[in-house]
Amino acid sequence: MQLRLIGTGGTIASRSTPTGRVASVTVKELLETARAFPVPECAEVTCVEMGLRASFSLGLPDLAALAGAVGESLRDGADAVVITHGTDSMEETAFALSLVHADDRPIVLTGAQRPADDPAADGPRNLATALTWAAHPAARGHGVSAVFDGAVWPAIGLRKTDTLAPAAFGVPGRGPVARVDDGRVRLIGRPPRPAPLISADDLGRLPRVDIVPLYVGCDTALLDAAVAAGARGVVLCAFGAGNAPPDVTEAVARLVADGVAVAVASRVPAGATSAAYGAGGGADLLRAGAVFAADLSPWHLRLLLAAALHRAEGRGPEGAAVVIRDWLADAGHHDAAHPWSGHHDAAHPGG
Ligand code: ASP
């Protein structure tokens, strides 16, 4: 059993300095500290250092490089890949990798909430748990997952749910896919796994997609600013199940007509969007040409929309919407038609 361990930095690799925490612990050192806990004895672990970075400073080219390193590890014959990563943007990296990798061999991210020099550091145990899950036959076919505080979470739906607590992650509305307790794996479920949409290199050249939050009293200034900055797509972080004030909905109709794709996620952490309300709300957004995307977080939907625009090159917002709806169906979201939609025909009810 060959495991490839890729280090990218984050709190798990950080120590305190007079100017704040800074990543300075190499992935080889992290592996040594993890050996204080049960780690799979049958596995030979080779380490690759990709940089000691804070995950809140990563960009899509960094994710492209990481996806490339994962692909290289698999081509080298690794049976699984484990990545140490900052927690702040781990959900985006995990989702981005899931848009790229189709392999049955597991890709597992982990990190820590407490730095390496904390007397109660959680990183070593999390890394040992991640290695245990990655090496376990039950992990095969799960695609990308994140291991934290004994729980294994799927990439799709993953969210950082606590700023500081050791149980930092969750998939709101769903549970973990497995638990690992004292080196023993307990499998819970296996969510559907859509086919990859893009290549590792594509990740570094996706079109710009911005996320625009909606809030009481908001206007269309941020929406217009996103488009002026070159966004080819916008994700609305909308009210409730996917509602917007009427002037935002009118602006969405204008943008879609101009070829800018608009997708709807919610400000609410759990639950699916639903195009239910008139008076400028979700039903009108749907008629304006926005695509609704089940319970994807704004951060995941931003990556999905960018990948969909790349895939649908030249086919505009409706082409991207088709890619998104197919992907959502493959991920297990089977939407009923929206009878109140006038924008799409009966065969394409609008997601
Ligand atoms: N707080 C972050 C972490 O837990 C910092 C980062 O994302 O790099 O790793």
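For the chain, what % of the accessible area comes from carbon and sulfur atoms, probe 1.4 Å? Spell out each step's value before the answer.
Details: 7580 of 14190 Å².
The C+S portion of the solvent-accessible surface of the chain is 53 percent.
Given Cα pairs under 8 Å that are at least 6 residues apart, what percent is the relative contact order of the stretch 208-286? Don't skip to the end; give the middle numbers.
Working: 138 pairs, mean separation 25.2, N = 79.
Value for the stretch 208-286: 32 percent.
Given an 8 Å cut-off on Cα distances and at least 6 residues of separation, report the relative contact order of the stretch 197-346 as a percent. Walk me through the numbers before you get to the answer.
Values: 279 pairs, mean separation 35.1, N = 150.
For the stretch 197-346, the relative contact order is 23 percent.
In whole Å, how far is the Cα centre of the stretch 171-192 from that of the stretch 65-94?
Spelled out, the Cα-based centre of one part sits 20 Å from the other.
Averaged per residue, what accessible area in Å² does the chain show with a 1.4 Å probe, protein chains only? Each step should come with its number before you reach the end.
On the way: 14190 Å² over 351 residues.
Roughly 40 Å² per residue, with all protein chains present.
By per-residue mean of other Cβ atoms within 10 Å, what is the highest-first order of 164-171, 13-20, 106-113, 207-214?
Numbers: 164-171: 17.2, 13-20: 13.6, 106-113: 27.8, 207-214: 18.9.
Averaged packing, sorted descending, gives the order 106-113, 207-214, 164-171, 13-20.
Express the relative contact order of the chain as a whole percentage, based on alpha carbon pairs under 8 Å and six or more residues apart in sequence. Mind showing how you got there, number by number?
On the way: 820 pairs, mean separation 48.0, N = 351.
Worked out over the chain, it gives 14 percent.
Mean residue ellipticity at 222 nm from the helices of the chain, using -39,500 (n - 2.57) per DSSP H segment of n ≥ 4 over the full residue count, to the nearest 500 deg cm²/dmol? Don't skip to the answer; put the middle values down first.
On the way: 10 runs with 105 residues, N = 351.
Theoretical 222 nm ellipticity from helices: -9000 deg cm²/dmol.
How far apart, in nanometres, would the label points at Glu41 and Glu318 be if each is projected 7 angstrom from Cα along the Cα-to-Cβ direction?
Simple spin-label model gives 6.3 nm for this pair.
So between Gln2 and Ala229, what do we pick up on full extension, going 0.36 nm a residue minus the alpha carbon distance? Provide the component values of the computation, followed by the final result.
Numbers: separation 227, 0.36 × 227 = 81.72 nm, distance 4.50 nm.
Between Gln2 and Ala229, full extension yields an extra 77.2 nm.
Of all beta bridges DSSP finds with both residues in the chain, what is the antiparallel percent, to the nearest 5? Don't jump to the answer; show the numbers that get you there.
On the way: 17 of 50 bridges.
Percentage antiparallel, nearest 5: 35.
The values are calculated or read from the model by the stated rules, or taken from the named source; none is laboratory data. Quick caveat: nothing in here was measured; it's all calculated off a predicted structure. Please note: Cβ atoms are built from the backbone with ideal geometry, for glycine as well, and neighbour counts cover all protein chains shown. Quick note on the areas: whole protein, heavy atoms, side chains included, nothing else; ligands and nucleic acids left out. Shrake-Rupley method; radii C 1.70, N 1.55, O 1.52, S 1.80 Å.
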